[in-house]
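These notes are about the structure you will find just below.
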Amino acid sequence: SQQGEEDPQALSIQEGENATMNCSYKTSINNLQWYRQNSGRGLVHLILIRSNEREKHSGRLRVTLDTSKKSSSLLITASRAADTASYFCATEFTGANSKLTFGKGITLSVRP
Amino acid sequence: DVKVTQSSRYLVKRTGEKVFLECVQDMDHENMFWYRQDPGLGLRLIYFSYDVKMKEKGDIPEGYSVSREKKERFSLILESASTNQTSMYLCASRHGKPIEAFFGQGTRLTVV
């Protein structure tokens, strides 16, 4: 399987702290996306970064992509209890026919 | 807002039954996906479709088939349900790559 692999599997932080989550993958990608899932619900798209981009921002989210290391990181700044959720990276590989492949996810707990 | 609707939130079926999971999107998206989500395994792609009547196998197609007769509807079929198909099933759709996917709320299927 060509899944991206997130790290760590679980993360627990205090409200107000920053949360950093990592994703590594194995083959060349077209783009990498991060999604969030609240318990028992569908996934919601957070941010997309293309293979020719190195960094993107969206509100309190910052995503970086290092294609030489085949890795990405998602930073959530000034975390809130409402950020408690599972986070997934999804990769779209070069040559794949519109196929979006997900990792196993990271469980983030933000303590009030 | 884009809406991806899955026909049931919860479903209980008996072993050996033929099961249909329906997914409808209202944004004229070309691509549609079926994933299953299991604890510790993340999201795994079952099948995807990049146009009407077009389909491709994902990573775990065994025991499943799909149908896409109309652009807005993508059906997942369990030919003969088994207990190891008890899972959360997630449908997603989007326009052609490389952009974000929109997810339905999921169907939690239990096979007894």
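Values quoted throughout were computed directly from the atomic coordinates according to the rules given, and no laboratory measurement underlies them. This one's a predicted model, so the numbers in the text were calculated from it and none came from an experiment. Cβ sites come from the backbone with ideal geometry, for glycine too, and all protein chains shown count toward neighbours.
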query: If you count, for each residue, the other Cβ atoms within 10 Å and average over each peptide, how do A:104-110, B:18-24 line up from highest to lowest?
result: A:104-110, B:18-24
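Which links in A:99/B:57; A:26/A:99; A:26/A:69; A:26/A:70; A:104/B:13; B:18/B:71 stretch past 18 Å when you go from one Cα to the other?
Numbers: A:99/B:57 10 Å; A:26/A:99 15 Å; A:26/A:69 9 Å; A:26/A:70 7 Å; A:104/B:13 27 Å; B:18/B:71 23 Å.
Violating the 18 Å limit, Cα to Cα: A:104/B:13; B:18/B:71.
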- prompt: To the nearest whole percent, what portion of all C-alpha pairs in the stretch A:5-111 is separated by more than 16 angstrom?
  reply: 55
- request: Take chain B, connect every pair of alpha-carbon atoms lying under 10 Å apart with a spring to form a Gaussian network, then pick out the residue of B:89, B:64, B:35 with the largest mean-square fluctuation.
  value: B:64
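Tell me which GluC sites (Glu not before Pro) from the stretch B:65-112 have a DSSP coil assignment and no more than 13 other beta carbons within 10 Å of their own.
On the way: sites: B:69, B:72, B:79, B:100; in loops: B:72, B:79, B:100.
Loop-located and lightly packed - B:79.
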field: Coordinate range along principal axes, alpha carbons of the protein assembly as shown, Å, largest first
entry: 49, 38, 33
message: Mean-square fluctuation check for chain A, GNM, Cα pairs under 10 Å: which of A:90, A:82, A:19 is largest?
response: A:82
query: Can you tell which of B:99, B:77, B:46 shows the greatest fluctuation in a Gaussian network model of chain B with Cα springs below 10 Å?
result: B:99
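Expressed as cubic angstrom per residue, what is the convex hull volume of the alpha carbon set of chain B?
Working: hull volume 10.7 nm³, N = 112.
Taking the convex hull of the Cα positions in chain B, it is 95 Å³ per residue.
Show me the GluC sites (Glu not before Pro) within the stretch A:1-52 that DSSP assigns to loop and that have at most 15 other Cβ atoms within 10 Å of their Cβ. Spell out each step's value before the answer.
Working: sites: A:5, A:6, A:15, A:17; in loops: A:15, A:17.
Passing sites in the stretch A:1-52 are A:15, A:17.
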query: Residue by residue through the stretch A:55-60, which ³J(HN,Hα) values in whole Hz follow from phi under the Karplus form 6.51 cos²θ - 1.76 cosθ + 1.60 (θ = phi - 60°), with glycine and proline marked x?
result: 7, 9, 10, 8, x, 8
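How about the stretch B:32-106: which trypsin sites (Lys or Arg not before Pro) there lie in a loop by DSSP and see at most 13 other Cβ atoms within 10 Å?
Working: sites: B:36, B:44, B:53, B:55, B:57, B:68, B:70, B:71, B:73, B:94; in loops: B:53, B:71.
For trypsin sites (Lys or Arg not before Pro) across the stretch B:32-106 that sit outside H, G, I, E and B with at most 13 neighbouring Cβ atoms in 10 Å, the list reads B:53.
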